[in-house]
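These notes are about the structure you will find just below.
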Amino acid sequence: MKKILNKKIVFFGGKGGVGKSTSASAFALTLAKQGNRTLLVSTDPAHNVGDIFQKPLSGKPQTLTDNLWAIEIDPDEETKRYLDGVKKNLKGLVKSKMVEEAHRQIDLAAGSPGADEAALFDRLVSIILDEKAAFDTIVFDTAPTGHTIRLLTLPELMGAWIDGMLKRRQSMNENYSAWMEDGEPVEDPIYDILHKRKERFSAVREVLLDERQTEYVFVLNPERLPIVETEKAVQTLKKHDIDVRTLVVNKLLPKEETSSFFQKRMEQEKEYLEWINRTFAQDKIYIPLLDGDVSSLEALHQVSERMEAELYVRP
Ligand SMILES: Nc1ncnc2c1ncn2[C@@H]1O[C@H](COP(=O)(O)OP(=O)(O)OP(=O)(O)O)[C@@H](O)[C@H]1O
Ligand SMILES: [Mg+2]
């Protein structure tokens with residue numbers, strides 16, 4: 001059985017335009033058709049999952065078909081929600097005359113690099129921790145490679161960052177207790193908030209690093225640049241203890257074409273497929289190039305059927 005099956009969480013990543021959204025949608029549809037409650041989540045700021053299913057989507061799960069729901073994360077909305085949360089946390093922590101200035105600073109931070117990512121990551125954490133019980137599988141369609149790698153390695157970075165903050169606060173509090181000379185530990189709401197976040201990040205990290213629960217899929221085409229980029233991405237993720245164990249090789253030329261033009265392209269494709277086989281020991285799912293874009297449910301069913309055959313029929 002292919003490693004991608006029976007997982008709680010499946011991420012689809014890859015270079016721009018290789019077919020991440022198409023593959024993630026087709027895979028989610030395949031699972032749903034087999035009776036698995038499936039949630040498809042798009043984390044790509046330039047969405048097109050809603051276009052593929054021809055349904056408007058939002059930040060809350062919307063029904064697509066039997067057993068299939070989808071969420072599109074809107075980065076602006078998430079950034080706003082995230083910063084509102086930060087403001088709420090500040091209540092009672094900051095002297096009231098400081099609140100206005102603190103809010104101004106937070107609003108300024110909304111436009112800074114990284115704010116969108118932090119917000120997106122926060123939503124990812126909440127989807128994984130809070131929706132996991134309600135679905136058999138959550139399928140993530142991600143943005144092109146670099147963005148996804150940053151996102152997936154955030155739990156590690158954020159964990160280290162929060163650890164540092166917690167240590168600093170702890171020693172500050174200890175000094176303060178000693179200075180007060182009554183030895184009573186001081187109450188520190190900021191410490192508690194940080195600690196809670198740390199616990200949620202650790203919980204997510206555990207899920208993301210558990211290969212029985214989470215699968216990482218890279219989509220590529222039998223072409224030079226996607227192969228090179230996939231090699232690099234697989235190595236980078238490996239450094240962060242994330243194992244990519246499945247590849248979708250998408251847009252294979254149709255074998256029935258016999259013109260000399262196609263013969264030539266086919267020969268080149270054969271070389272790239274050999275390169276892929278030599279380089280990657282991962283499970284592979286092969287999807288042919290259809291005669292048009294996968295922008296209707298009918299075309300998506302076609303891809304899904306092909307995927308199903310690859311998942312269950314081939315050894
Ligand atoms: N097997 C296929 N046959 C024909 N067209 C395909 C196939 N797979 C994907 N496409 C088309 O290729 C284009 C890119 O696919 P898709 O949007 O799934 O890629 P993506 O990797 O999600 O792109 P992005 O990096 O922009 O998110 C779309 O127009 C899609 O319909
Ligand atoms: Mg996409």
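If the condition is being closer than 13 Å to PRO222 by Cα and out of contact with any strand residue (DSSP E or B) (no Cβ under 8 Å at 6 or more places or on another chain), then segment 253-276 contributes ARG265, MET266, GLU267, GLN268, LYS270, GLU271, TYR272, GLU274, TRP275. Please tell me if GLY13 is under 24 Å from GLY146 (Cβ atoms), surrounded by fewer than 21 Cβ atoms within 10 Å (Cβ to Cβ), at pLDDT below 95 and not aliphatic (A, V, I, L, M). So GLY13 fails the test. Of all residues in segment 275-291, exactly one satisfies the criterion of being over 29 Å from GLN235 (Cα atoms) and out of contact with any helix residue (DSSP H, G or I) (no Cβ under 7 Å at 6 or more places or on another chain), namely ASP291.
The single condition among (1) over 14 Å from the mean Cα position of the chain (by Cα); (2) part of a loop (DSSP other than H, G, I, E, B); (3) crowded, with 18+ Cβ neighbours inside 10 Å that TRP69 does not meet is (2).
Any residue at all in segment 24-39 that is at pLDDT 95 or above and touching a Pro at 6+ places or on another chain (Cβ under 9 Å)? There is at least one residue in segment 24-39 that is at pLDDT 95 or above and touching a Pro at 6+ places or on another chain (Cβ under 9 Å). Here segment 283-295 is the region considered, the condition is being of a type in the set (Val, Ile, Thr) and near ligand 1 (Cβ under 9 Å from one of its atoms), and the residue that is modelled with the lowest pLDDT is VAL294. With respect to the conditions (1) modelled with pLDDT of 70 or more; (2) under 23 Å from GLU215 (Cβ atoms), LEU157 lacks only one, and its number is (1). Filtering segment 210-236 to residues that are open to solvent by less than 70 Å² (accessible area, probe 1.4 Å), in contact (Cβ under 8 Å) with a residue 24 or more places away in the chain and not β-branched (Val, Ile, Thr) leaves GLN213, GLU215, TYR216, PHE218, LEU220, ASN221, PRO222, PRO226, GLU229, GLU231, ALA233. Which of the residues spanning segment 26-52 are crowded, with 24+ Cβ neighbours inside 10 Å and out of contact with any helix residue (DSSP H, G or I) (no Cβ under 8 Å at 6 or more places or on another chain)? Correct list: ALA28, LEU31. Determine, yes or no, whether ASP130 is exposed (fewer than 14 other Cβ atoms within 10 Å of the Cβ), within 29 Å of GLY35 (Cα to Cα) and charged (D, E, K, R). Against the criterion (exposed (fewer than 14 other Cβ atoms within 10 Å of the Cβ), within 29 Å of GLY35 (Cα to Cα) and charged (D, E, K, R)), ASP130 qualifies. Inside segment 87-127, residues that are over 30 Å from TYR216 (Cα atoms) and either in contact with a strand residue (DSSP E or B) (Cβ under 8 Å, 6 or more places away or on another chain) or open to solvent by less than 50 Å² (accessible area, probe 1.4 Å) (or both) make up a count of 8. Among the residues of segment 12-24, is any part of a loop (DSSP other than H, G, I, E, B) and away from ligand 1 (no atom under 14 Å from the Cβ)? Checking segment 12-24: not a single residue is part of a loop (DSSP other than H, G, I, E, B) and away from ligand 1 (no atom under 14 Å from the Cβ). Out of LYS232, LYS251, one residue alone is of a type in the set (D, E, K, R) and more than 15 Å from ligand 1 (Cβ to nearest atom). It is LYS232. Scanning segment 27-52 for residues that are touching a strand residue (DSSP E or B) at 6+ places or on another chain (Cβ under 7 Å) and within 16 Å of ligand 1 (Cβ to nearest atom) turns up PHE27, ALA28, LEU29, LEU40, VAL41, SER42, THR43, ASP44, HIS47, VAL49, GLY50. Of the residues LYS3, LYS80, LYS55, the single one that is more than 12 Å from ligand 1 (Cβ to nearest atom), touching a Lys or Arg at 6+ places or on another chain (Cβ under 7 Å), open to solvent by 30 Å² or more (accessible area, probe 1.4 Å) and not in a strand (DSSP E or B) is LYS3.
If you go through segment 16-25 and keep only what is open to solvent by less than 10 Å² (accessible area, probe 1.4 Å) and over 19 Å from HIS301 (Cβ atoms), you end up with just VAL18.
Would segment 296-304 turn up any residue that is at pLDDT 95 or above, within 30 Å of LEU208 (Cβ to Cβ), touching a strand residue (DSSP E or B) at 6+ places or on another chain (Cβ under 9 Å) and within 16 Å of ligand 2 (Cβ to nearest atom)? So far as segment 296-304 goes, yes, one or more of its residues are at pLDDT 95 or above, within 30 Å of LEU208 (Cβ to Cβ), touching a strand residue (DSSP E or B) at 6+ places or on another chain (Cβ under 9 Å) and within 16 Å of ligand 2 (Cβ to nearest atom). Restricting the first member to segment 88-102 and to residues that are at pLDDT 75 or above, and the second to residues that are part of a loop (DSSP other than H, G, I, E, B) and not hydroxyl-bearing (Ser, Thr, Tyr), the beta-carbon pairs closer than 6 Å and six or more apart or on different chains are ALA102/VAL94. Annotation: ILE127 fulfils all but one of (1) away from ligand 2 (no atom under 16 Å from the Cβ); (2) more than 21 Å from GLN213 (Cβ to Cβ); the unmet one is (2).
The values are calculated or read from the model by the stated rules, or taken from the named source; none is laboratory data. Here the structure is a predicted model, which means the values were calculated and not measured. Glycine gets a Cβ as well: all are built from the backbone with ideal geometry, and neighbour counts include every protein chain shown. The accessibility values were calculated without ligands, DNA or RNA, using every heavy atom of the protein model including side chains. Shrake-Rupley method; radii C 1.70, N 1.55, O 1.52, S 1.80 Å.
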